[in-house]
Amino acid sequence: MEIKHFHRATSLEDAHKTLLQDPSNIVLGGGLWVKKTTTNANTLIDLSGLKLDQIKDTHDVLEIGAMVSLRDFETHPAVKSLNGGFLSSATSQIMGVAFRRLATVGGTVAGRFAFSDLLTSLLTLPVTLVFFPKKEMSLEQYLSAKGKTTDILTSIIIKKEPGIGYFKKVSNTVLDFAILNVAVTHFKEKYVIAVGARPAGAVLALKAMEYLNGQKNPTLAEFEKAAELASEAIGFLTTSTASESYRKTLARTYVRRGLEEVAHHEG
Ligand SMILES: Cc1cc2nc3c(=O)[nH]c(=O)nc-3n(C[C@H](O)[C@H](O)[C@H](O)COP(=O)(O)OP(=O)(O)OC[C@H]3O[C@@H](n4cnc5c(N)ncnc54)[C@H](O)[C@@H]3O)c2cc1C
């Protein structure tokens with residue numbers, strides 16, 4: 001990788017102004033993905049002096065600064081206790097501890113990685129992204145938006161809902177990218193289902209959710225039907241690591257297991 005300049009931003013205004021100066025200027029999170037995928041950059045913009053590495057835990061929300069490392073996120077007591085700790089568990093399955101000390105929550109969200117374990121699980125929660133200059137949008141909106149953004153992600157806000165979450169990563173080895181990711185949450189008798197690494201990015205299984213949330217106290221047969229709807233309605237593709245039909249079978253199996261697992265928790 002060839003870099004001409006390294007700029008330590010002194011403020012968000014400074015970072016944003018620098019980003020707009022040249023299309024080959026790049027904002028850095030932990031820099032792990034940038035290093036792997038970028039050949040040339042004019043200026044790398046470092047956000048590490050902007051105090052974006054804080055986690056704020058209030059009564060209603062968790063506010064995660066963009067520069068919080070995956071490891072700090074994973075091990076924070078409020079993240080570990082939120083919805084049975086499924087976000088913490090999903091994050092703990094990304095590479096090793098040394099890697100997670102460098103990779104950031106902001107780089108993960110901004111990167112919109114289709115294989116992302118954390119994005120699949122976050123998609124099942126009420127998550128708002130906060131950008132500079134002033135802009136907010138839901139994670140779902142951001143993941144479905146096209147094109148590169150020139151805004152800087154400053155934090156993600158997770159609304160606390162009492163309930164439980166489930167996350168399953170299917171991969172060939174612990175260090176591989178997922179062949180499929182499934183996350184399920186259960187709040188106030190409503191179920192949310194997300195499927196990622198299809199290999200396309202994480203999406204909500206809306207048809208399955210609509211069906212299931214129309215049932216009062218769903219039975220095992222209705223969970224099975226919802227899992228079938230999820231696997232039928234969401235698109236899967238064949239890659240060198242897994243076929244379309246294998247991914248479909250995995251989705252059906254793990255959506256059903258996820259639903260059964262979260263069904264009896266409300267706390
Ligand atoms: C070898 C390798 C293996 C991996 N394996 C997995 C895996 O198994 N599962 C998984 O879920 N993830 C995996 N990842 C992804 C990883 O977890 C991180 O999501 C990824 O490295 C990005 O985080 P980062 O902090 O390194 O971001 P960077 O590489 O610094 O940035 C990523 C992108 O986001 C932009 N960006 C960063 N911060 C901001 C910001 N605040 N505002 C706007 N744009 C921003 C950058 O310009 C860049 O385009 C892997 C990554 C690598 C390199």
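The values are calculated or read from the model by the stated rules, or taken from the named source; none is laboratory data. Just so you know, these numbers come straight off a predicted model, no measurement behind them. All Cβ positions, even for glycine, are placed from backbone atoms using ideal geometry, and neighbour counts span all protein chains on display.
What do you reckon, is GLN141 within 11 Å of the ligand (Cβ to nearest atom), closer than 27 Å to MET209 by Cα and either at pLDDT 95 or above or not assigned by TED's automatic domain parsing to the domain that holds HIS16 (or both)?
Values: within 11 Å of the ligand (Cβ to nearest atom): no; closer than 27 Å to MET209 by Cα: yes; either at pLDDT 95 or above or not assigned by TED's automatic domain parsing to the domain that holds HIS16 (or both): yes.
So GLN141 does not fit the description; no.
Scanning segment 115-138 for residues that are more than 10 Å from the ligand (Cβ to nearest atom), farther than 27 Å from THR18 by Cβ and not polar (S, T, N, Q) returns LEU122, LEU123, LEU125, PRO126, VAL127.
The set of residues in segment 248-267 that are in contact with a Ser or Thr (Cβ under 8 Å, 6 or more places away or on another chain) and either outside the structural domain of VAL192 (by TED's automatic domain parsing) or in contact (Cβ under 8 Å) with a residue 24 or more places away in the chain (or both) comprises ALA251, ARG252, VAL255, VAL262.
Within segment 95-119, the set of residues being farther than 19 Å from GLY65 by Cα and either without any contact (Cβ under 8 Å) to a residue 40 or more places away in the chain or of a type in the set (Ser, Thr, Tyr) (or both) comprises VAL97, ALA98.
For every residue, the table says whether it meets (1) assigned by TED's automatic domain parsing to the domain that holds LEU139; (2) at pLDDT 95 or above; (3) of a type in the set (Asp, Glu); (4) not in a strand (DSSP E or B).
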| position | (1), (2), (3), (4) |
| --- | --- |
| ALA183 | no, yes, no, no |
| ALA221 | no, yes, no, yes |
| GLU224 | no, yes, yes, yes |
| SER245 | no, yes, no, yes |
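Scanning segment 21-30 for residues that are more than 18 Å from THR149 (Cα to Cα), surrounded by fewer than 16 Cβ atoms within 10 Å (Cβ to Cβ) and not assigned by TED's automatic domain parsing to the domain that holds ALA98 turns up nothing. For residues in segment 35-50 being farther than 10 Å from ILE3 by Cβ and hydrophobic (A, V, I, L, M, F, W, C), which is nearest to the ligand (Cβ to nearest atom)? Ranking the qualifying residues of segment 35-50, first place goes to LEU47.
Of the numbered criteria (1) in a strand (DSSP E or B); (2) within 14 Å of the ligand (Cβ to nearest atom); (3) farther than 19 Å from ILE55 by Cα, the one SER155 fails is (3).
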